[in-house]
Structures are given as structure tokens and as C-alpha cells.
Amino acid sequence: MSKRIYVGNLPWSITKVRFEELFSPFGEMEEALVIANKYTGRSRGFGFVTYKNDADADKAMKAMNEKEVDGRRLVVKLARPSGETLEEAKVEEERKPSEERTHPKGTELKKTHPSVAESKKTRPSEVELKKKPKKEKPTEEKKEETEEEEETEDEF
């Protein structure tokens, strides 16, 4: 069975050929991938190696972890599936095989929380939002203020 390892803290100048040279002595590789910037083509500082044999991947992890390459110490460890957080990975390692595997957020995701349902009732509809607010009718005080302002403007 194949095993994929993560290689981090790679030098920015590393190429796929150099990357394969570093990891090929440990066994037969299925794939060696250096992640690069799609615009510049420069390495983003990490990559992945997939070995055909799990024992070869373990040897590579032990030998290459903390090894200095072009002035940088590599970080080599077992790759996690994309989107998995560190906390989820730790929980997965601690989990016993007999435990039931469910979604981490539970099965209640499709139901609407009561507070969300209430907030939808109180929110104005799109039609209400499009209506223009009514202008206030001027009160007697406001009429007097505007008349006074007009009189002072006439004096100048």
C-alpha cells in the first residue's frame, strides 16, 4: 500500500528534479510533487512524496526530518487529507477502530436552530427594504426655524 508524506520548509529554489534526488534513495516513489506558485513557478516551500511501500516512507521520514537542505531544516511527516485540521487529526489518531465514525458536527446540521428561525421572522423582507422611508411633516418649531434662517440670509 502507498503512503504519502509531507515535506515542509523547502528552499524556494528547489526543483522537482532536485526534490526527487533527495527522496529517491529511500525507495521506489510513485510521485514527487513540489507545490509551486502558478504565476511565478517558484516553489512555495513544501511538497509531497508518495512511496509505493510504507516502510520506505517511514525510512524517509526518519532520515529527512530536521535535515538541512540549502540552509533550511526540512519538516517531514505523514501527510493529512486536505481540509483536515490538526485537532481532527489528533482525534482521529486517538479514536479506536470500534468507535462509530460520524460527522464531527453531528447529524443535526439540517435542522434550523430556534434562534435562527426567530431571526428570520423579525427580519424585513426584500419588498420592505425597497420601500422608501416617508418624509416627516414639518412641525411648527421647524417652520419657525426655517423662517428665521431665511430672514437672516435676506439681511446680508
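Please treat every number below as a calculation from the coordinates, not as lab data. Nothing here was measured: the structure is a model prediction, and the numbers come from that model. Counting neighbours? That spans all protein chains shown, and the Cβs are built from the backbone with ideal geometry, glycine included.
Against the numbered list (1) within 14 Å of ALA79 (Cβ to Cβ); (2) in contact with a Lys or Arg (Cβ under 9 Å, 6 or more places away or on another chain), ARG4 comes up short only at (2).
Are any residues in the range 43-76 within 25 Å of the chain's Cα centre (by Cα) and not basic (Lys, Arg), and if so, which ones? Hits for the range 43-76 are SER43, GLY45, PHE46, GLY47, PHE48, VAL49, THR50, LEU74, VAL75, VAL76. Selection within the range 6-37: residues that are assigned to a loop (DSSP other than H, G, I, E, B) and over 16 Å from MET61 (Cα atoms). The member of this set that is nearest to the chain's Cα centre (by Cα) is ASN37.
The numbered conditions (1) in a loop (DSSP other than H, G, I, E, B); (2) more than 28 Å from the chain's Cα centre (by Cα) are all true for THR40 except (2). Taking first residues from the range 12-25 that are among the acidic types (Asp, Glu) and partners that are surrounded by 13 or more Cβ atoms within 10 Å (Cβ to Cβ), the Cβ contacts under 6 Å between residues at least 6 apart in sequence or on separate chains come to GLU20/ALA32.
Of the residues making up the range 53-82, those that are part of a loop (DSSP other than H, G, I, E, B), at negative phi and among the charged types (D, E, K, R) number 2. Within the range 54-74, being under 18 Å from LEU33 (Cβ atoms) and exposed (fewer than 15 other Cβ atoms within 10 Å of the Cβ) holds for no residue.
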